[in-house]
Amino acid sequence: MGLEKKCALLEDLIEKCGGCAVVDGGFATQLEIHGAAINDPLWSAVSLIKSPELIKRVHMEYLEAGADIVVTSSYQATIPGFISRGLSIEESESLLQKSVELAVEARDKFWDKVSKVSGHSYNRALVAASIGSYGAYLADGSEYSGNYGEDVSLDKLKDFHRRRLQVLVEAGPDLLAFETIPNKLEAQACVELLEEENVQIPAWICFTSVDGEKAPSGESFEECLEPLNKSNNIYAVGINCAPPQFIENLIRKFSKLTKKAIVVYPNSGEVWDGKAKKWLPSQCFGDDEFEMFATKWRDLGAKLIGGCCRTTPSTIKAISRDLKRR
């Protein structure tokens, strides 16, 4: 299936959902709720090694909550990261493949069950392979600063992402999700890499923001979106892991800067201190507030809405209930 047909699959899903599909929520958050120890440089990806069945369980919980798109557990899964834990290249690549396989298996099992029930309100979900930023691999919080240092070039970023992208594409997801991109340089690297590898799977690229106005690097979103707007590979652009109170303004801003679909999946509003490795107290959204604002975000132009860190299946259930109420 080529790029156009894959894009059509996503467009059909969005149409079936009434104009806005639901993305799942915080993965590491839910793993921790179930007792997973993820205080690790690999973060949630450590569960690919230690507890793959728990990953599948979390996918199922989000599907049951009404997610139309499930995102794989590969956000912080990188070949260099796995190698640093003593795994071989082959083992590392196998774990990347497993991240997609677990999501696909959960989706297929869930759909096989609910499709036999008359009058159900679910859609056959799509699987998006998560590709975290270079800063996520560094595990130093730089995805929230965009400060990678002078030695990090366009070519270095493409080399960093290349093999992981190849392995994930070969595993057969429906979509690719580049997440928490902090600067134009990495966004451009992702776009060029998709073209160089002739990837026939639609992708979204999500930036984050620490001030609700611009990328963490200080660059304007007008600058950051420039290479994305020219790419046929990029189906959607947007924001993830930013406070929900920023989202309304950012959707308005993106609507003026792009004709791409807009995807938003904010965190709960808590702030992550990448150096101290802890959540800082701040203004938070509960499930009721996500439910209330989801319709507004859709009406402003978002085509894909979900949650990021510290959101749970109950958050996604609230969003899904609101959006599908029509």
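Would you grab the residues whose amide H sits under 5 Å from the one on Ile131? Only those 5+ places off in sequence or on another chain, please, with H modelled 1.01 Å from N.
Answer set, sorted by chain and number: Ala177, Phe178, Glu179.
Out of the DSSP beta bridges found with both residues in the chain, what percent are antiparallel (nearest 5)?
10
Label Asp155 and Glu222 with points 7 Å out from Cα along Cα→Cβ: what is the distance between them in nm?
Calculated label separation equals 3.2 nm.
In a shell of Cβ-Cβ distance under 14 Å around Ser94, excluding Ser94 itself, what net charge do Lys and Arg (+1) and Asp and Glu (-1) give? Intermediate values should be presented prior to the final figure.
Working: positive: Arg85, Lys98, Arg163, Arg164; negative: Glu90, Glu91, Glu93, Glu101, Glu170.
Net charge in that neighbourhood comes out at -1.
Considering only protein heavy atoms, what per residue accessible area in square angstrom results for the stretch 1-107 with a 1.4 angstrom probe?
Accessible surface, normalised per residue, equals 39 Å².
How big is the gap, in Å, between the Cα center of the stretch 98-138 and the Cα center of the stretch 159-238?
Using only Cα atoms to place each centre, the spacing works out to 21 Å.
Pick from Arg107, Arg310, Arg85 the residue whose mean-square fluctuation is largest in a GNM of the chain, springs joining Cα atoms under 10 Å.
In the Gaussian network model the winner is Arg85.
Given a 1.4 Å probe, how much area per residue of the stretch 133-222 is accessible, in Å²?
Counting only protein heavy atoms, the per-residue value for the stretch 133-222 is 35 Å².
Roughly how many percent of the accessible protein surface of the chain is carbon and sulfur, given a 1.4 Å probe and a whole-percent answer?
48
The values are calculated or read from the model by the stated rules, or taken from the named source; none is laboratory data. The structure presented is a predicted model; accordingly, all values stated were derived computationally and were not measured. Cβ atoms come from the backbone with ideal geometry, glycine included; neighbour counts cover every protein chain shown. Heads up: the accessible areas ignore ligands, DNA and RNA and are worked out on the full protein's heavy atoms, side chains in. Shrake-Rupley method; radii C 1.70, N 1.55, O 1.52, S 1.80 Å.
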